[in-house]
1. If the cut-off is a Cα-Cα distance under 19 Å, which aspartates and glutamates reach residue A:35, setting aside same-chain residues fewer than 8 apart in sequence?
2. Rounded to the nearest 0.05, what FRET efficiency do residue A:283 and residue A:396 have when you use their Cβ-Cβ distance and R0 = 25 Å?
3. Can you tell which of A:390, A:429, A:418 lies farthest toward the positive end of the dipole of region A:368-473, using +1 and -1 charges on the Cβ of basic and acidic side chains (Lys, Arg; Asp, Glu)?
4. Counting other Cβ atoms within 10 Å of each Cβ, which GluC sites (Glu not before Pro) in region A:104-198 have at most 15 and sit in a DSSP loop?
5. Once you sort the root eigenvalues of the Cα gyration tensor of region B:305-384 as a ≥ b ≥ c, which label holds: rounded (a/c under 1.5), prolate (a/b larger than b/c) or oblate (the other case)?
6. Based on DSSP loop calls and a cut-off of at most 15 other Cβ atoms within 10 Å, the longest stretch of chain A free of exposed chymotrypsin sites (Phe, Trp or Tyr not before Pro) is what?
7. Any idea what angle helix A:265-275 forms with the longest principal axis of chain A, computed on alpha-carbon atoms, 0 to 90 degrees, nearest 10?
8. At 7 Å along Cα-to-Cβ for each site, give me the label-to-label distance between residue A:310 and residue B:231 in nm.
Amino acid sequence: MQMPVPNPSVLARKDAIVANIRAALTFGSIISDAKETRAYECDAYTAYSCAPLAVALATSTAEVAAVLKICHEMHVPVVPRGSGTSLSGGALPTADCVVLGTSRMSEILEIDTANRCIRVQAGRTNLSVSTAIEPFGFFYAPDPSSQLACAIGGNVAMNSGGAHCLKYGVTTNNLLAVTLVTMTGEIVEIGGLNAESGGLDLLGIICGSEGQLGIVTEATLRILPKPEGARPILLGFATSEAAGECVAAIIRSGVLPVAIEFMDRMVIRATDEFSGAGYPDVEAMLIVEVEGSNEEIDFQLGKILAIAKAHHPETILQSRSPEESAKIWLGRKAAFGAMGRLGDYICLDGVIPVSELASVLRQIHDLTIKYDLKVGNVFHAGDGNLHPLILFDANKAGDLERAEQLGEEILRLCVAAGGCLTGEHGVGVEKRDLMHVQFNAQDLEAQMAVKDVFDPLWLLNPTKVFPLDASQTRRSVA
Amino acid sequence: MIFQPKSEGDVSEMLAKNREKLRVIGGASKVQTWRAEPTHTLQLNALSGVTLYEPGALTLVAKAGTKISEITELLAGEGQYLPFEPPNFAGLLGSSGSPTIGGTASANASGPRRVQSGACRDSMIGIRFVDGIGTVVKNGGRVMKNVTGLDLVKLLAGSFGTLGVLTEVAFKVLPRPETSANLILHGCSDDRAIQVMAKALGSPFGVSGAAHLPSRQQTVLRVEGFAESVTSRIVKLQAVLGPTIDCEIDDDPNRVARLWRDIADVALFVDIPGSVWRVSLKPSAAPVFVQSMRQSAIELDVVYDWGGGLVWMNVGAANNAATHSVKMALAKAGGGNATLVRASSDIRASTQPVFQPVDGVVANIEAGLRLKFDPHGVFISDRQCFSSQSNG
């Protein structure tokens, strides 16, 4: 992957930069020793790594502002970092950058059940938000697979989704306000508990901006009443096409499940061996989950079952207890870990219209033959968000490159089918140069114009989101 | 001069040449809010038609000038709907126009179901627009999950045509609930009503509407879904709110639909003259705001929607819009946003509230964005609204 040459003027001033930041931090710390910065040289997108100039770990909004002000004045690029769980290299450093981490800012600031919201610091982990409000009968809906580790600040930056967003939406639909620090170190409150502000929807453009516009240090999140109960059903099919058609039929019927998860044979076998979930021996499998009271769940599952039967399932497994429900989810939740045992893999994140599911899966299969690589499919089927896992051998010369080429072809296929490059992992560095596939020059120019306003020197999260060639002139300003 | 483009290309061509102030019109349903006559008008009603509808993928794409009524009818044929319950203010404003999908998106106009299904912008998944110098831009797409690049869809939603002219909008649609029922509570004070609505919206029974109508002494909670489910949930809801509560269940879906249509469209104020404000604030602060307005001795009629998060207020036909009182009351309530929606042209002319962001940095960012998308400043906004600092 192409990366710009580090700015020699920044590298030469390392000692002064570090000293200035150290002086500005009271409780936070700065790491600049090469041995210690190694821990920050990549995120969960491990294919590439680069040690940063230094890492600043802030403990307050004021400290984030102080570090940004210094970096702005000294023209130093800044890479914001939450928990470092990005799958697209959203927190990949450059050699001339300061990584600014907010993981030490993990306080809950306010729980307001009357107005159904919670205000937290950006370093708070996703799952611990739901844990904190559970005693009041509420939960926070976006639930990315990494929810045990990933931070709310990162969720806001990437507009994270999860298994349950078919019903509840993604981060942008559950975000009420943020405290944002601009690159110049100014602290701004965006959004609020009043639904309408009168101005532009800046919250909407900040959410999902991948750290291009500012650093979020606090967020007010919408919380939802916990449903009375939830229960999954497992359906096995002889072909992926039959499973895909069943998904579209369920969605069209008027039942709105909270989740519809799809797994193909390779993933079913791998997860079953790994977790002992007891999955059936079928080509494709769906886990469909509905929510409500017991009677409502029975009613909805009855409807789903009637629809499914028209698509001739080979297996129907209905849960009769919380233990059986957990067992149905066991393998799915372990899917990414289980696939790791089969070898190295690249996890894609393309989205297609649900109606194209069967056709795109067939074309992906054809591509795997062309590239002589194995691809496992596990994804959120209800919203067409595919996660093809391309298996390769990192120790074999050329294997990664071949896998990346296949990945690119699959993503091009998603865009051609009417979909997009990324549904929840973000563009990051991974899909930066593929943005030309989905957007023309004017489309990209309009997005870059927004960044110009927030970050005129283009210092925030460099080399991400926008193709290097398209952003060349702007990046050379600094 | 009135331009009526037939295509996105026409819009682009016209804007590339134009340097005059310009008002963009969809269905002209909000014509009464216009303040001054601009030089040019860009009327989008000829840019009409549904370009893609896939019921199985819950996706609908339509050109900006398509009437909401046309879309609603098409969706109903497949048992689906726009979940954000688009309001129609034509009656309130005495206009003969009909809301379009582009106007609705530009205003982020959202009805009572916002408390459950989000605002119009939450259903918007893609747009095409033309900026102030004629550049055609697309953002988002036709799939419901998409984080590819910066989200200009949200930025354009609710920007009231000040950043660009929407030419096409893609929506996530949802299955229309089989039936609905209201739990109607009688005689709640404003304070009590807000508490009851908060409790109902915080319950797991899927309340999809929570409004309080003081003039009718009614607090209304809506539950929607499959018939069996609605019956069981509304009974549970009643139990949670307390056995002694004075209430009744209305399970006639037509009556329920009519009442919420009236709340969405502010039908209560249609035949009552007077200036009308739309106030958005923290739900629990709404009674403080209204109390403060009443103390300023203004003859007042009020409708609370969104569990208190939206207050519609008729301040009567006196010869001012009570702007000062509204500002004071908002400050007392801890902040929010108020828009003068209906007023006589005299009152409008003598009223100055035009939106200024409270925060200087925010003001600079907004000005910077407008300059990028509309460098010649051709798009005009007629809104008369202001915000006061929120304590949220």
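Read-outs: derived from the displayed coordinates by stated rules, not from any lab. Because the structure is a prediction, the values reported are computed rather than measured. Please note: Cβ atoms are built from the backbone with ideal geometry, for glycine as well, and neighbour counts cover all protein chains shown.
1. A:15, A:43, A:96
2. FRET efficiency, residue A:283 to residue A:396: 0.30.
3. A:390
4. A:107
5. Oblate shape, in that a/c is at least 1.5 and b/c is the bigger or equal ratio.
6. By the stated rule (loop sites, at most 15 other Cβ atoms within 10 Å), A:49-478.
7. Roughly 80 degrees between the two axes.
8. 2.6
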